[in-house]
2 protein chains.
Amino acid sequence: MARTVDLVGDRWSLLIVRDAMDGAATFTEFRDRLGIARNILTDRLRRLVEHGILAQEPAPSGRRQTYVLTEAGEDLFTTVVALRQWGERHAFGAGEEHSVLVDERGAAVPELRAVDGAGRPLGTRTTYVRKVSRSTGPRAGTAG
Amino acid sequence: MARTVDLVGDRWSLLIVRDAMDGAATFTEFRDRLGIARNILTDRLRRLVEHGILAQEPAPSGRRQTYVLTEAGEDLFTTVVALRQWGERHAFGAGEEHSVLVDERGAAVPELRAVDGAGRPLGTRTTYVRKVSRSTGPRAGTAG
């Protein structure tokens, strides 16, 4: 997880990814949505491109660059949904209105939940991190 | 989602939450795991307590404070799993070893996936954000 937060774990990078998922593509579109300083936006877009989360493409008109999510960037969808749903549960007061993520039929996206192979909910008390030692060499079953 | 990243969307806060889920509780434990400067750790712990993600409790010995996840903090489990799983898919080279999140039987936690009410996978192209206007007044069905 540390590597993920190194790549996207700052406020602006996550918000840029969210807005790209929501249709923003040009520098101006990101700037207008985020109200972010030009130099910070320039830096974060450059880093997201370097890290393979966004790719630069010429706009159809050919006059501007656009930023599109790579496959790895699109794959942050689950993380963005998890962050959004946590916020809906904990970061708004009772009765306070907020936007909702919906599917193509307009139904709210069900809450994400980590489950085991049998569908049972998992949490911090029912999971643990299995460290992989650098000194164990090739894993069993791994050719070469 | 912006509110969530305001609360936990910096590198250290997310790593502190992860380590709390993994059993860290005292200042020294967080510092040793993260290799973080004392003043930054002090600041981030204070903010996580202010934001209701960690709570301070005296250690059983009574001599030290410990930091425990609140219910809202525990509920970041899904987000932490999403970040970890994205990292496993995109932030490691082929064959590069990394730790694995497993359940009590030692089986790897299945990949989180946003699905609609019928279990169909959802993504950025099949979802959209429904904005809630501030000017719509009380919602239908909401007394008062």
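The values are calculated or read from the model by the stated rules, or taken from the named source; none is laboratory data. As the structure is a prediction and not an experimental result, all values here were calculated from the model. Cβ: placed from backbone, ideal geometry, glycine included. Neighbour counts: every protein chain shown. Calculation scope for accessible area: heavy atoms of the full protein, side chains included, ligands and nucleic acids excluded. Shrake-Rupley method; radii C 1.70, N 1.55, O 1.52, S 1.80 Å.
Taking the stated definitions as given, is residue A:117 in a loop (DSSP other than H, G, I, E, B), open to solvent by 20 Å² or more (accessible area, probe 1.4 Å) and facing chain B (nearest Cβ under 7 Å)? Taking the combined requirement at face value, the residue satisfies it.
A Cβ distance below 8 Å, combined with a sequence gap of six or more or placement on separate chains, defines the contacts here; from the range A:14-34, residues that are more than 14 Å from chain B (Cβ to nearest Cβ) reach residues that are of a type in the set (Lys, Arg) and open to solvent by 40 Å² or more (accessible area, probe 1.4 Å) in the pairs A:26/A:64; A:27/A:64; A:31/A:38. All told, residue A:89 meets the bar of being part of a helix (DSSP H, G or I), facing chain B (nearest Cβ under 7 Å) and open to solvent by 70 Å² or more (accessible area, probe 1.4 Å). Out of all the residues in the range B:61-83, is one or more among the hydroxyl-bearing types (Ser, Thr, Tyr), within 13 Å of chain A (Cβ to nearest Cβ) and more than 30 Å from residue A:71 (Cβ to Cβ)? Within the range B:61-83 (the criterion being among the hydroxyl-bearing types (Ser, Thr, Tyr), within 13 Å of chain A (Cβ to nearest Cβ) and more than 30 Å from residue A:71 (Cβ to Cβ)), the answer is yes, since at least one residue qualifies. Take residue A:87 and decide whether it is within 17 Å of residue B:1 (Cα to Cα), out of contact with any His (no Cβ under 9 Å at 6 or more places or on another chain) and at pLDDT below 95. No, not satisfied.
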